[in-house]
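To keep things clear, I will list the structure first and then write my remarks on it.
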């Protein structure tokens, strides 16, 4: 009997454990062939008098079918795969998808059918969401170059192909640079200051590599731990130099994986693409589906945020100076900033932070987060036991309302190779309702990427872990609590970056609410809670001397946006970085630092969009004021938030949704609001 391809079967939840490398290409090829036939039939029957069901919904079903299979493949790419066979098959599928999407986006007959529908008499009576669907589809065609000449479309196709290859090469070089460096530690004294959980993880790294002692990899979490807590200044300096010279002409592997020429060509190709589509630069092109109305608007916002934060930057720099002198650090360097800030925090408010993580066990915190979400948004969240998964640690939560299932959230709590070393939310399926009224339920996947818990140790969360969990859970709820029936409006992946990041920023704010944290805290052994005074002291300690994290975010955002605004002005990426850094001298990066070469946001879909974290954080802070005013556990406020912000999906601007929720226009000087730096 021939093998049944699980990717071609109807499923309520993905058949994760049944999918093998040999299933990928046949499934994708068959789906694309069937989709092409559907689109050909649609053009034949819908060009003259198109209808909503037979044009918009019919093509949306083809989009959904392919997107869902490719999302499953993408998830398995990052969490597990069958080695070389899987990688080859996945790469072929990605190339097939690129060709398919290029063909579809250049299908002039299909574009004209949508235009005809949008301009028809019947479309005048469409509701706002349907009009938003059509507007987004038509904008997508225009941004794909549908109105260009045949020669220009050919040039654009080549540019898109080159951009994709360069992005892949940039990330490949960075992966190789990360893998090339590690540091073995034989003497525990060299790790003094690092907490036991981190030391246990580093010891496990060494054991898996066949070594004794400890092994430091080159990743974000280890970088944060070493630069913040390691007493050994030489170790901090060595790690800093390795991390901030990755994939460059500097550092321990100088020139081996250099991203400088890759980035220069990538920026040039993006700029050419923007010019071809009628924009002045790539940053302007990136704003086509954003809230900001111009590059000047974003640049002014970032300058304003730097100006607002500068007094705090200067105050924190002054505050650490006496401690640096006391420790014999006559010349404070970039690898000293976080360490000195943490030392000062511990000295002034250390008792407030002592053993704080013991009060936030992972399982108990997750249960309370679900309970809180149920109460606030009128839903039920029930963990499931029998389901297919890609790893034994994966968990599944069913979200219901009024006894009806409305979506699912997978949780993959811990980091495993070859997954990236940061948390993220994937959205493999959007909510939609077809022409017959059949509903397809949304799915979100929360990849928390927490450090694995050593055997015999409790799984507990520090405050940063809490923020990560809440941030990503906010994205998941945004995905599953929509009421939009429209495929291209209902999913988080369909939003502009400044909207997509909002829910994550908003949910982080619960972690800064004393009343909420007091309710959330329960010791992992005794169940004992924390007093209001202890919570307030802990939050004060966490916020104290935190300006380096804020400065790093603003540096990242300002550099990214300026880099995509200024292409062609004669400056190299390194020179742009140095110029931007002058506005944030607080960071004091050394001359050898090659920030751009290891900045993966430049090649992962956030190019010219990193500012969205700060932008959406300001909006989140504004929205949270209603909860502060009416009590953070006010279920009526929670339901109003859901209906105004989550329910519509991308049918209207987030600004409009927030004004409805707040019951007032957003102030003209809104972006002067000071907010805590978000998790990125």
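Observations on the structure shown:
- Fraction of the pair-distance distribution of the stretch 250-323 above 16 Å, Cα-Cα pairs, percent: 70
- Under the criterion of Cα pairs below 8 Å and six or more residues apart, the relative contact order for the chain equals 15 percent.
- Applying 0.36 nm per residue to the separation of residue 604 and residue 182 and subtracting their alpha-carbon distance, the gain on full extension is 149.5 nm.
- Stokes-Einstein diffusion for the chain at 4 °C, viscosity 1.567 mPa s, with a Kirkwood radius from C-alpha pairs, works out to 49 µm²/s.
- For the pair residue 578 and residue 421, a Förster radius of 25 Å applied to the C-beta separation gives a FRET efficiency near 0.40, rounded to the nearest 0.05.
- Per-residue packing, averaged as other Cβ atoms within 10 Å, sorts the ranges 167-176, 122-131, 497-506 into the order 497-506, 167-176, 122-131, beginning with the highest.
- Fully extended contour minus Cα-Cα distance, from residue 330 to residue 464, at 0.36 nm per residue: 45.2 nm
- Inter-label distance, residue 224 to residue 3: 4.0 nm, where each label sits 7 Å from its Cα along the C-beta direction.
- For the stretch 353-477, the direction-averaged projected area of the alpha-carbon convex hull comes to 9.4 nm².
- Computed from the C-alpha gyration tensor, the three semi-axes of the ellipsoid equivalent to the stretch 532-680 are 34, 21, 12 Å, from longest to shortest.
- Distance between modelled label sites at residue 457 and residue 439, nm, 7 Å Cα→Cβ extension: 4.3
- The chain: angle of helix 84-105 to the longest principal axis, Cα-based, in degrees nearest 10: 50
- Taking every C-alpha pair closer than 8 Å and separated by at least 6 residues, the mean separation divided by the residue count of the stretch 6-147 gives a relative contact order of 30 percent.
- Here the gap between residue 307 and residue 653, fully extended at 0.36 nm per residue and compared with their Cα-Cα distance, gives a gain of 121.8 nm.
- Computed from label points 7 Å out along Cα-Cβ, the spacing between residue 628 and residue 151 is 5.9 nm.
- Relative contact order of the stretch 451-523: 35 percent, from C-alpha pairs under 8 Å at least 6 residues apart in sequence.
- Peptides ranked, highest mean first, by Cβ atoms within 10 Å: ranges 476-485, 541-550, 10-19: 476-485, 541-550, 10-19
- Compared with the dominant Cα axis of the chain, that is its longest principal axis, helix 463-480 is turned about 10°.
- Theoretical FRET efficiency, 1/(1+(r/R0)^6), r = Cβ-Cβ of residue 41 and residue 493, R0 35 Å, to 0.05: 0.80
- Note on residue 25 and residue 103: with the Förster distance fixed at 22 Å, the Cβ-Cβ geometry gives a FRET efficiency of about 0.80.
- Over all orientations, the stretch 182-243 has a Cα convex hull whose mean projected area works out to 3.5 square nanometres.
- Rotationally averaged projected area of the stretch 6-147 (alpha carbon convex hull; nm²): 9.3
- Acute angle (nearest 10 degrees) that the helix 220-229 long axis makes with the longest principal axis of the chain, alpha-carbon atoms: 20
- Relative packing of 447-453, 464-470, which averages over residues the other C-beta atoms within 10 Å, highest first: 464-470, 447-453
- With the helix formula -39500 (n - 2.57) applied to DSSP H stretches of n ≥ 4, the chain reaches a computed 222 nm mean residue ellipticity of -17500 deg cm²/dmol.
- Paramagnetic reach from residue 196 (point 7 Å along Cα→Cβ, amide N under 20 Å) across the stretch 412-454: 451-454
- Rounded Å value of the spacing that divides the Cα centres of the stretch 47-104 and the stretch 487-501: 18
Values in this text are rule-based calculations from the coordinates and carry no lab data. What you see is a predicted model, and the numbers here were worked out from it, not measured in a lab. Cβ coordinates were reconstructed from backbone atoms using ideal geometry, including for glycine residues, and neighbour counts include every protein chain displayed.
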